[in-house]
Amino acid sequence: MSRLKSPSSTVSDALNTRFSCRAFLDTPVPLDLIQSIVETATRAPSGGNLQPWKMWVVTGEPLKNFVDDIVTKAKENPAGEGSEYHIYPPELTQPYKARRSDIGERMYEILGIPRDDKMGRLAQMFNNYTFFGAPCAMFFAIDKQMQEGQWSDMGMVIQSIMLLAREHGLHTCPQEIWAMWTPTIKQFLDIPDDMMFFCGLAIGHADPEAAINQLVSPRAPMEEVVTYIGD
């Protein structure tokens, strides 16, 4: 099954064809389809039925204006304004540090951007700030009183949105990089101070001609991550 074009008819198909899409077509996605995906995704597990997730869907002119604002600000401040949480642990250890470095090098290699091309790599990073051309963006936040268990619930609802998108032939890209622009995003979406902004999510139709969409992220061997006990 092509991971770029075909809808996914099973959960296995959706998982195997989901990837972080970094180049979208400008083909609009009907808002009623997004509404259906979101409504279904909220059936994701929620400990104590707290349902800690908060979501915003942005399309059309408001999305364009927001992207224009961020791109302008990023030219002056590429590192952003700061996040309310550590996107990665400050002292990332192995093997995680190596895995993060490896996927970055794979991405730049498929794009033909050498290590010493700092401007080329910066330009690719800036593509995050346009949602990679997606016509629809989502944002997620959580009440600051919530703990690790509720963060896991929010992750499950985001994963559910991504898998449901595959059912409809759409692709997504979860983007924690948006946490770097928390002050601007909170102002744009009117997110109150007692909420922590988490991430963005691009949704749309993948560009099948884009080289970056051929990137396949490797997974660790099963013996490194799974232990079976019993018959």
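A few remarks follow.
- Members of region 193-215 found to be surrounded by 11 or more Cβ atoms within 10 Å (Cβ to Cβ) and not in a strand (DSSP E or B), listed by number: 205, 207, 208, 210, 211, 212, 213, 214, 215
- Considering 107, 125, 119, the condition of being out of contact with any Pro (no Cβ under 9 Å at 6 or more places or on another chain) and in contact (Cβ under 8 Å) with a residue 12 or more places away in the chain is satisfied by 107 alone.
- Which listed residue is at pLDDT below 95 and out of contact with any strand residue (DSSP E or B) (no Cβ under 7 Å at 6 or more places or on another chain), from 208, 114: 114
- Unique match (being among the basic types (Lys, Arg), surrounded by 13 or more Cβ atoms within 10 Å (Cβ to Cβ), at pLDDT 95 or above and in a loop (DSSP other than H, G, I, E, B)) among 43, 22: 22
- Residues of region 163-191 satisfying the condition of being in a helix (DSSP H, G or I), surrounded by fewer than 21 Cβ atoms within 10 Å (Cβ to Cβ) and in contact with a Cys (Cβ under 9 Å, 6 or more places away or on another chain): 176, 177
- Count of residues meeting criterion [surrounded by fewer than 14 Cβ atoms within 10 Å (Cβ to Cβ) and within 21 Å of residue 212 (Cβ to Cβ)] in region 25-40: 2
- Unmet requirement for residue 160, which otherwise passes all of (1) outside any helix (DSSP H, G or I); (2) over 20 Å from residue 83 (Cβ atoms): (1)
- Each residue in region 1-19 was checked for being out of contact with any Ser or Thr (no Cβ under 7 Å at 6 or more places or on another chain), assigned to a helix (DSSP H, G or I), surrounded by 12 or more Cβ atoms within 10 Å (Cβ to Cβ) and in contact (Cβ under 8 Å) with a residue 60 or more places away in the chain, and 2 of them qualify.
- Criterion: part of a helix (DSSP H, G or I), over 21 Å from residue 218 (Cα atoms) and either out of contact with any strand residue (DSSP E or B) (no Cβ under 9 Å at 6 or more places or on another chain) or modelled with pLDDT under 95 (or both) - qualifying residue of 120, 104: 120
- For first residues located in region 164-181 and more than 15 Å from residue 21 (Cα to Cα), partners that are modelled with pLDDT of 95 or more and part of a strand (DSSP E or B) and lie 6+ apart or on another chain with Cβ distances below 6 Å form the pairs 178/199; 178/200.
- First in region 74-92 and touching a residue at least 24 places away in the same chain (Cβ under 8 Å) and within 9 Å of residue 180 (Cα to Cα), second anywhere and of a type outside the set (D, E, K, R) and in a loop (DSSP other than H, G, I, E, B), Cβ under 7 Å, 6 or more apart: none
The values are calculated or read from the model by the stated rules, or taken from the named source; none is laboratory data. Here the structure is a predicted model, which means the values were calculated and not measured. Don't worry about glycine lacking a Cβ; one is built from the backbone with ideal geometry, like all the others, and counts go over all protein chains shown.
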